[in-house]
Amino acid sequence: MTREAIDYGQWEAGRDVNYWELDRTLQYEARRTYPDEEFAWAEPRLEAFGDVVGSTVADNADRIDRHGPELHTYDEHGEIRNEVEYHPKQHENERIAYGEFGLTHDAFHAPPGRDAPLGLTHTLTQQALLSYADPGFVCPVSMTTGVALVLDAFDDGSLDGYFERLTSRDADEHIEGAMFLTEKQGGSDVGANETIAEEAPDGSYRLTGEKWFCSNIDAEGALALARRPDAPDGTAGLSLFLVPHTKSDGTVNDALFRRLKDKLGTISVPTGEIEFRGAEAYLVGEPENGFRQMTEMLNFERLSNASAAVGIMGRALLESKVQAANREAFGEVIQEYPLMRRDLVDMTVDYEAAAAFTFDGARMLDRYRREGRETEAGERAFKLVRALVPVAKHVTARMAVETASYAGEVLGGNGYVRSFVTPRLLRDAQVLPIWEGTSNVLSLDLLRALDREDAHEALLPAIRANLDAAEHPCLDEPTAAIKDAFAGLQKALVHLAEADGEYAQLQAKELANYVFDVYTAALLVREAQDRIDSADDARKALIAKRFVDTRLRESDTRGITDDDRFSIEQFDAVVRYAPVEPATLAEPASADD
């Protein structure tokens, strides 16, 4: 059934609302990318989660941001304590996320009412909703899932106790995970890590060294990379270890939490420096295979970063829409003014694009997880994951920063005041281009995926298939433009494949953006065809058209002489989700127009 446009003027702010109900874009992407039976089970639970995140969790997140975690390295006798003290509301949010809604459980165990676990798409959808309220909390939620993925894939069963607690729905039994990769001298160059792991008589290991940027520093199930004696240099010599916060005898592990970082944002997750002093640790998987095993977690973490970007953009956009529908200036609410309409339209189109690309990456990750690389479908999914994941993380992170920044501007002076949410959204968004690899690192990773894994063999057919699915006449114009851009992308790929390595690296970021634009444009016209077929609604066709016009077309006069009134005329459809009759977009313009 076609739904009416949303009147955002009925709310004073994006608070005490149901984030799932108001985000029809996220609803669509979940419905598109979940297997049908999974979505049927998940939809009422996502609605319930959107409700509690829009009220209790959002309220708690504001308090936690003002009273962040505190580190107590020593006790009153000078003994190492390594205790992080949290605001009580943090524990309430944890019980809601882990206990009531199974954010780290349902991808590994059958949740109540089902006979089988759900895909990671469900996890990422929940994380996007949680990011509406607290992207910082999404960090430990995501890393806990990531550690469980690694243990599930590579542990021989000796760490089952940790796996069960990482994925428990019992909030009292549940523990969190973390990933300690960064060292001061290495940064993104993980192969330069110097932490040493020496085997103990009982088969466990003792880690010595320091980790420089440890988010969720007190996690009971943290993964760390270290080098065994006589192991090769570089990433080929790194092994992966689980390092608990407390040793097997119940005492604090042999490490020193030196300090917490005084971060710009993501206050709810404690990030600090750890000095391992012979810390008890357990080998995960095969020795000297740690870096490859860690990539099992890294692919998910990068998509998690993108889902956090989606959540931040969704919340920033909601706050902007509500403000624009209520704030009066010079006798009219500001959403009636052409420039504000243009801004909200383009913010919305960016959001639709980010969500579409991110959840297509999630769909491929789930397919690869189910199939492995043994089948043709699984191998194709793996190659798409290798191409899409670094691009998703790179592009959506930047989009989140820009969207959050502009949301503050829409709110005017209030947008710069901490009692409103927009300053926190911007502070939290600023970490997204840094976490899980910077833009440069991710762009180079795309080059490696194309060169070493032949990711183009899956990427190009996927784009072509999406274009071929667009059949309605109202999609002819944008599809023709996308086909031209697709030809250009293929030409660029051939050129870089033949270029020297230095030049290819120089153009890597441009290529990543190019892949995002062309892939997303093709995906949006396919989504538009789907909505026309299933709901007789051409709103997505407008989204596709605007994305193509702003990303893939060029004008000699920057559009000023184009007489384009799209943002004025299509505001209700794009920003307020008003339905659009497909026939109205396919009809030729009259001579008077």
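Taken together, the values in this text are just the output of simple stated rules run on the coordinates, not laboratory data. Just so it is clear, the structure is predicted and the values come from calculations on it, not from any experiment. Cβ sites come from the backbone with ideal geometry, for glycine too, and all protein chains shown count toward neighbours.
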Practice problem: Mind ranking 343-354, 55-66 by how tightly packed they are, going by the mean number of other C-beta atoms within 10 angstrom, highest first? | Solution: 343-354, 55-66
Quiz item: So in the chain, what percent of DSSP beta bridges are antiparallel if you round to the nearest 5?
Solution: 85
Quiz prompt | Estimated distance in nm for a label pair at residue 171 and residue 236, the labels positioned 7 Å out from Cα along Cα-to-Cβ | solution = 4.9
Quiz item: Nearest 0.05, what FRET efficiency do residue 375 and residue 202 give at R0 = 51 Å with Cβ-Cβ as r?
Solution: 0.80
Quiz item: FRET efficiency for residue 277 and residue 192, Cβ-Cβ distance as r, R0 = 35 Å, nearest 0.05?
Solution: 0.95
Quiz prompt | At R0 = 22 Å, FRET efficiency that the Cβ-Cβ distance of residue 10 and residue 47 yields, to 0.05 | solution = 0.70
Quiz item: Using a simple charge model, +1 on the beta-carbon of Lys and Arg, -1 on the beta-carbon of Asp and Glu, nothing else, what dipole does the chain show about its Cα centre, in debye to the nearest 20?
Solution: 740
Quiz item: Cα centroid distance between segment 502-581 and segment 1-75, in Å?
Solution: 26
Self-check item: Cα-projected label distance for residue 246 with residue 59, points at 7 Å along beta-carbon direction, nm
Solution: 3.2
Practice problem: Mind checking the full-extension length gain between residue 499 and residue 534? Use 0.36 nm per residue of separation minus the Cα-Cα distance, one decimal, nm. | Solution: 8.1 nm
